[in-house]
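Read the structure below first, then the notes.
The values are calculated or read from the model by the stated rules, or taken from the named source; none is laboratory data. Predicted, not measured: the structure shown is a model, and the values here were computed from it. As a convention, Cβ positions derive from the backbone with ideal geometry for all residues, glycine included, and neighbour counts pool all protein chains shown.
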Amino acid sequence: MTAQIQSLMTDLGHRARAAARMLALAPGADKNKALRAAAQAIRIDAGVIIAANAQDMAAGAAKGLSNALLDRLMLDPARIKAMAKGLEEIAALPDPVGRRLAEWTRPNGLAIARVAVPLGVVGIIYESRPNVTADAAGLCLKSGNAAILRGGSESFHSSRAIMTALVGGITAAGLPADAVQMVPTTDRAAVGAMLRLSEFIDVIVPRGGKSLVARVVEESRIPLFQHLEGICHTYVDGAADLDMAKAVVLNAKMRRTGICGATETLLVDRACAATHLAPLVAMLIESGCEVRGDAATRAADRRAVTASEADWNTEYLDAIIAVKVVDGVLAAVEHVNTHGSGHTDAIITADAGAAEAFLQGCDSAIVLWNASTQFADGGEFGMGAEIGISTGKMHARGPVGVEQLCTFKYRVTGAGQVRPG
């Protein structure tokens, strides 16, 4: 790591800490004004952002990025409108800062309240998806936190154009420009320096592939909201309606194959395999999805290829799915807990007892009954947006929105009480 990179990152940290102190005291109306102004700036700068994205897309294609990664990278007018709308939806949320999470009075008259406060400075390290720039900035701003963003090199020009629009809106509303900062270099050494800024950054959010998360976990001196890969499952139970199963499985896998909530493994109950397996596999193959299956799956449709042991542990982020027949809901739960990443898993069934066994048994951040795993999204949960899906179990789990970007303090009010000796 060069002294220049270290100096650059330390300067970002100093500025973020100063901005965080101001944001922690900012009225909700000011934060909402900044978010709406940032949304309008993104709409106005849509042409500039699309032109910057075209640079990134051309460079990505030249580097041989997969179709799934190019889809994550691509911005069009609809996605830019969605970014702006997302900021306005965050602005419309209740202010998470200052919420009284609990309060009680002790026998000695002390009144104690647990009150939500910002975390301080949030560092977000992400890959490919430039829309994360707006989502992360908006969520941090609403929750009174300063943000330091380090996007992937593939989306550098897109993220920088979005950042310019965001800062314009934030400053127009009278909040500090350093409320949201972007690491201005693609040098990988900047990530290492960022992970050591424990004096300035209160939490790190890694949002990307397995190698990025592994590096952050290994090197960080700062607490993490860990966002592991999305090895998501859909289990079709013996009591599943076939038409519902087909609709949900197709959406869960093929709506967008490159997102972390896409189903990567389909499990089918042996009790319905004779009627459900072949139609499900045929539907997937005919929609352009490669099926890698066990012996029962290959017997149901010869177009399926043989699944290896590694397939049960793979996040494809592509039009590929692993398919396996299991002996009932408990075997499905065992498979999910053994091979999944604790992200999102779903059961399709008309049997409430089977659903309860699955929902209770799966050790995942998000579990669904009769719904697509692609609903694993803060926006779909009514949270406005998300900074990521946390698969850890400390503080935040599942979609990380404005409430999860707060911690708390205890406010104690007395009337002159002293503690007895």
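State yes or no: is residue 94 of a type outside the set (Ser, Thr, Tyr), under 24 Å from the mean Cα position of the chain (by Cα) and farther than 24 Å from residue 182 by Cα? Even if it seems obvious, please write down each step before you answer.
On the way: of a type outside the set (Ser, Thr, Tyr): yes; under 24 Å from the mean Cα position of the chain (by Cα): yes; farther than 24 Å from residue 182 by Cα: yes.
So residue 94 fits the description; yes.
Please tell me if residue 306 is more than 30 Å from the chain's Cα centre (by Cα) and surrounded by fewer than 24 Cβ atoms within 10 Å (Cβ to Cβ).
Values: more than 30 Å from the chain's Cα centre (by Cα): yes; surrounded by fewer than 24 Cβ atoms within 10 Å (Cβ to Cβ): yes.
Criteria met by residue 306.
Show me the helices (runs of 4 or more DSSP H) entirely contained within the range 110-210 in which 3 or more residues are modelled with pLDDT of 95 or more and assigned by TED's automatic domain parsing to the domain that holds residue 407. Break it down stepwise before answering.
On the way: elements: 131-142, 156-172, 189-194.
Once the helices (runs of 4 or more DSSP H) in the range 110-210 are filtered for at least 3 residues that are modelled with pLDDT of 95 or more and assigned by TED's automatic domain parsing to the domain that holds residue 407, what remains is 131-142, 156-172.
Has the range 325-338 got at least one residue that is under 27 Å from residue 71 (Cβ atoms), in the same structural domain as residue 354 (by TED's automatic domain parsing) and not β-branched (Val, Ile, Thr)?
Step one: list which residues in the range 325-338 are under 27 Å from residue 71 (Cβ atoms), which gives 336.
If we keep only those that are in the same structural domain as residue 354 (by TED's automatic domain parsing) too, we end up with 336.
Filter once more, keeping what is not β-branched (Val, Ile, Thr): none.
The answer is no, given that none of the residues of the range 325-338 is under 27 Å from residue 71 (Cβ atoms), in the same structural domain as residue 354 (by TED's automatic domain parsing) and not β-branched (Val, Ile, Thr).
Filter the range 197-222 for residues that are basic (Lys, Arg), under 24 Å from residue 3 (Cα atoms) and touching a helix residue (DSSP H, G or I) at 6+ places or on another chain (Cβ under 8 Å) and give the result.
215
So if I check each of 281, 205, 213, which one is closer than 22 Å to residue 336 by Cβ, of a type outside the set (Asp, Glu) and surrounded by 23 or more Cβ atoms within 10 Å (Cβ to Cβ)? Write out each step before concluding.
Values: 205 fails: closer than 22 Å to residue 336 by Cβ; 213 fails: surrounded by 23 or more Cβ atoms within 10 Å (Cβ to Cβ).
Unique residue meeting the criteria: 281.
Out of the residues in the range 92-135 meeting the condition of being touching a Lys or Arg at 6+ places or on another chain (Cβ under 8 Å) and of a type in the set (Gly, Ala, Ser), tell me which one is surrounded by the most Cβ atoms within 10 Å (Cβ to Cβ). Talk me through it step by step, then tell me what you get.
Initial filter on the range 92-135 (touching a Lys or Arg at 6+ places or on another chain (Cβ under 8 Å)): 93, 95-96, 100-103, 112-117, 120-121, 123-129, 131-132.
Then drop every residue that is not of a type in the set (Gly, Ala, Ser), which leaves 102, 113, 116, 120, 123, 128.
Working: 102: 10, 113: 16, 116: 20, 120: 20, 123: 30, 128: 25.
Once the filter is applied, the top-ranked residue is 123.
Under 24 Å from residue 385 (Cβ atoms), out of contact with any helix residue (DSSP H, G or I) (no Cβ under 9 Å at 6 or more places or on another chain) and not in a helix (DSSP H, G or I) - does that describe any residue in the range 73-90?
No; the residues of the range 73-90 include none that is under 24 Å from residue 385 (Cβ atoms), out of contact with any helix residue (DSSP H, G or I) (no Cβ under 9 Å at 6 or more places or on another chain) and not in a helix (DSSP H, G or I).
Hey, among 406, 362, which residue is assigned by TED's automatic domain parsing to the domain that holds residue 99 and either at negative phi or in contact with a strand residue (DSSP E or B) (Cβ under 6 Å, 6 or more places away or on another chain) (or both)? I'd like the intermediate steps shown before the answer.
Details: 362 fails: assigned by TED's automatic domain parsing to the domain that holds residue 99.
Answer to the check: 406.
So if I check each of 298, 255, which one is among the basic types (Lys, Arg) and either crowded, with 16+ Cβ neighbours inside 10 Å or farther than 23 Å from residue 126 by Cα (or both)? Give the derivation first.
Numbers: 255 fails: either crowded, with 16+ Cβ neighbours inside 10 Å or farther than 23 Å from residue 126 by Cα (or both).
Only one candidate qualifies: 298.
Pick from the range 262-271 the residues that are of a type outside the set (D, E, K, R) and crowded, with 21+ Cβ neighbours inside 10 Å: which of them is farthest from residue 252 (Cα to Cα)? Working first, answer last.
Just the residues of the range 262-271 that are of a type outside the set (D, E, K, R), to begin with: 262-263, 265-268, 271.
Within this subset, residues satisfying the condition of being crowded, with 21+ Cβ neighbours inside 10 Å are 262-263, 265-268.
On the way: 262: 6, 263: 5, 265: 10, 266: 10, 267: 13, 268: 15 Å.
Selected residue: 268.
If the requirement is being among the β-branched types (Val, Ile, Thr), modelled with pLDDT of 95 or more and within 24 Å of residue 398 (Cβ to Cβ), which of these qualifies: 305, 268, 249? Show your work before the answer.
On the way: 305 fails: within 24 Å of residue 398 (Cβ to Cβ); 268 fails: within 24 Å of residue 398 (Cβ to Cβ).
It is 249.
Which residues, taken from the range 105-135, are among the aliphatic types (A, V, I, L, M), over 25 Å from the mean Cα position of the chain (by Cα) and over 19 Å from residue 402 (Cβ atoms)? Even if it seems obvious, please write down each step before you answer.
Residues of the range 105-135 that are among the aliphatic types (A, V, I, L, M), as a first pass: 110-113, 115-117, 119, 121-122, 124-125, 132, 134.
This time we only want the ones that are over 25 Å from the mean Cα position of the chain (by Cα), so: 110-113, 115.
110, 111, 112, 113 - these are the residues of the range 105-135 that are among the aliphatic types (A, V, I, L, M), over 25 Å from the mean Cα position of the chain (by Cα) and over 19 Å from residue 402 (Cβ atoms).
When residue 364 is evaluated against the numbered criteria (1) at pLDDT below 95; (2) among the hydroxyl-bearing types (Ser, Thr, Tyr); (3) surrounded by fewer than 19 Cβ atoms within 10 Å (Cβ to Cβ), which criterion, by number, is the only one it fails?
(3)
What are the residues in the range 127-147 that are farther than 12 Å from residue 203 by Cβ and not hydrophobic (A, V, I, L, M, F, W, C), if any?
Of everything in the range 127-147, those that are farther than 12 Å from residue 203 by Cβ and not hydrophobic (A, V, I, L, M, F, W, C) turn out to be 127, 128, 129, 130, 131, 133, 135, 138, 142, 144.
What are the residue pairs meeting all of these: first residue in the range 330-355, first residue in contact (Cβ under 8 Å) with a residue 12 or more places away in the chain and surrounded by fewer than 18 Cβ atoms within 10 Å (Cβ to Cβ), second residue in a helix (DSSP H, G or I) and not hydroxyl-bearing (Ser, Thr, Tyr), Cβ atoms under 7 Å, and 6 or more apart or on different chains?
Close Cβ pairs satisfying both conditions: 330/357.
Given the conditions (1) part of a helix (DSSP H, G or I); (2) modelled with pLDDT of 95 or more, report the number of the one that residue 95 does not fulfil.
(1)
Looking at 51, 38, 58, 102, which is the one that is part of a strand (DSSP E or B) and either within 21 Å of residue 401 (Cα to Cα) or assigned by TED's automatic domain parsing to the domain that holds residue 137 (or both)?
Numbers: 51 fails: part of a strand (DSSP E or B); 38 fails: part of a strand (DSSP E or B); 58 fails: part of a strand (DSSP E or B).
The match here is 102.
Residues that are farther than 30 Å from residue 138 by Cα, modelled with pLDDT under 95 and small (Gly, Ala, Ser): does the range 331-347 have at least one? Before the answer, list the steps.
Initially, the range 331-347 is screened for residues farther than 30 Å from residue 138 by Cα, giving 331-340, 347.
Of the ones still in play, those that are also modelled with pLDDT under 95 are 340.
Right, trim to small (Gly, Ala, Ser) and you get 340.
Yes, the range 331-347 has at least one match.
More than 19 Å from residue 166 (Cβ to Cβ) and touching a His at 6+ places or on another chain (Cβ under 9 Å) - does that describe any residue in the range 58-70?
Within the range 58-70, one or more residues are more than 19 Å from residue 166 (Cβ to Cβ) and touching a His at 6+ places or on another chain (Cβ under 9 Å).
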